[in-house]
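The values are calculated or read from the model by the stated rules, or taken from the named source; none is laboratory data. Because the structure is a prediction, the values reported are computed rather than measured. Every residue, glycine among them, receives a Cβ derived from its backbone with ideal geometry; neighbour counts consider all protein chains shown. Just so you know, the surface numbers come from the protein's heavy atoms only, side chains and all, with ligands and any DNA or RNA stripped out. Shrake-Rupley method; radii C 1.70, N 1.55, O 1.52, S 1.80 Å.
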Amino acid sequence: MSTTTKTLADDVLFQNYGKRNISIVRGDGAFLYDDEGKEYLDFTAGIAVCNLGHAHPGVAAVISEQARTLIHTSNLFLVQGQVDLARKLTQLVSKSVPYRTMFVNSGTEANEGALKLARRYQYLQGHGDKTKILSLPHGFHGRTFGSLSVTPKAAYHEGFTPLVPGFETPAALDDVIDHVDDTVAACIVEVIQGEAGVRPLAADFVRALAAKLKEKGALLIVDEVQTGVGRTGTFFGFEAYGIEPDIVTLAKGLGNGVPTGAILAKSSVAEAFTPGAHGTTFGGNPLAMAVANYVVDCVSQPDFLKHVQTVGQALQSVLTAHFDHVDGRGLMWGFDVPDANVWAAKAADAGLLVTKCSNQRIRILPPLIIDEHHVERFADILTSVGTV
Ligand SMILES: Cc1ncc(COP(=O)(O)O)c(C=O)c1O
């Protein structure tokens, strides 16, 4: 990156992200190229977004065709792509229970809508006293006020308090089930906590929590923003847990980089958003829907999901041979290193891009189209970078 660009970036952009020393100008499959032509194996996929990889010819064709036809109309009009995609997603979420879908633009917006929907559902059921929203320690759900209020990381709260009243995160995971009482509207969970360093929740815990919420008439919201759209080797991460969420949120991988998200809810819950109760200008626009329909058609194929599981196992073997505390599923993995900043910088020098979750934790989220050759290349780079 030229010094002028760096200096200008310091002057004209908000400085809310860490220093960025790499400027990516092009992508191809699982590879990215910077402005000096250096090639990187991209194990970030735009933070679990570009599941079909970069510059995917099918995605590019759909975008250009749709851009030449119609990009945006607003929700004043029916959008055929919303109907098509909602049919697919509601079938994928449950074969037996009817769900409905509302389209939004990002993960935080999907969660914001889900939290509002839960309160409104309870209110319309005549349970105006059920307003409390529970969330889990170490969870991450976004940066708008509602989703930030269910994201307990103290550093993200500094200077933004007071947050939304009536939101509560018990201090320990073991305390969460005891907090589910008659005042709880809903509890939001990630079945694999991504930003926390890729920490899968125990299936027993998730099932017990789901049962207690049901007993108390509270809703289970599963945030699939990071785990959804094939990332864990099933279309939704919750499929491995044998639960039936009341609300599911999606974003990231849904548009392969074109911003889009979705709130899926059991029809009985979705009905609480009566006309005018909630809305968005851009959500579900024809461009986003064209791409998302294409992505879902590709990713929901059983062979595609099987591929994610197989390559994921190969990646797991490589990781466990090198690192401690390897956790994850499909193509979402976290592992410990002594200094994550140092390790990520060394990896980038060696041509591998990863994300850092904490000072000692690295997370990898490769595009779901990687194959054994990419895993071999990853293993070779690991050998040159070392484990420290
Ligand atoms: C589980 C989860 N929920 C919500 C979000 C927020 O999504 P967005 O950045 O699109 O607002 C993220 C982003 O990392 C996430 O991982």
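Things to note:
- Only one of Asp246, Asp181, Asp175, Asp223 that is near the ligand (Cβ under 10 Å from one of its atoms) and of a type in the set (D, E, K, R): Asp223
- Within region 34-148, helices (runs of 4 or more DSSP H) holding 3 or more residues that are polar (S, T, N, Q) and either closer than 27 Å to His179 by Cα or more than 15 Å from the ligand (Cβ to nearest atom) (or both): 57-69, 80-93, 107-124
- Some residue of region 300-311 being crowded, with 21+ Cβ neighbours inside 10 Å and touching a residue at least 12 places away in the same chain (Cβ under 8 Å): yes
- Residue count, region 237-253 (criterion: farther than 19 Å from Leu115 by Cβ and open to solvent by less than 10 Å² (accessible area, probe 1.4 Å)): 3
- Output for region 138-147, where each listed residue is open to solvent by 10 Å² or more (accessible area, probe 1.4 Å), over 14 Å from Asn16 (Cα atoms) and without any contact (Cβ under 8 Å) to a residue 40 or more places away in the chain: Thr144, Phe145
- Enumeration of residues in region 165-180 that are in a loop (DSSP other than H, G, I, E, B), free of Cβ contacts under 8 Å to residues at least 40 places away in the same chain and either out of contact with any His (no Cβ under 8 Å at 6 or more places or on another chain) or among the aliphatic types (A, V, I, L, M) (or both): Pro165, Gly166, Thr169, Ala171, Ala172
- Flag for Thr320 being surrounded by fewer than 22 Cβ atoms within 10 Å (Cβ to Cβ), modelled with pLDDT of 95 or more and either under 17 Å from the mean Cα position of the chain (by Cα) or not assigned by TED's automatic domain parsing to the domain that holds Asp28 (or both): no
- Residues located in region 341-357, provided they are within 23 Å of the chain's Cα centre (by Cα) and part of a loop (DSSP other than H, G, I, E, B): Val354
Here is a yes/no grid of residues against (1) in contact with a helix residue (DSSP H, G or I) (Cβ under 7 Å, 6 or more places away or on another chain); (2) under 23 Å from Lys38 (Cβ atoms):
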| position | (1), (2) |
| --- | --- |
| Trp333 | yes, no |
| Asp336 | no, no |
| Val342 | no, yes |
| Ala347 | yes, yes |
| Gly351 | yes, yes |
| Lys356 | yes, yes |
| Gln360 | yes, no |
| Pro366 | yes, yes |
| Ile369 | no, yes |
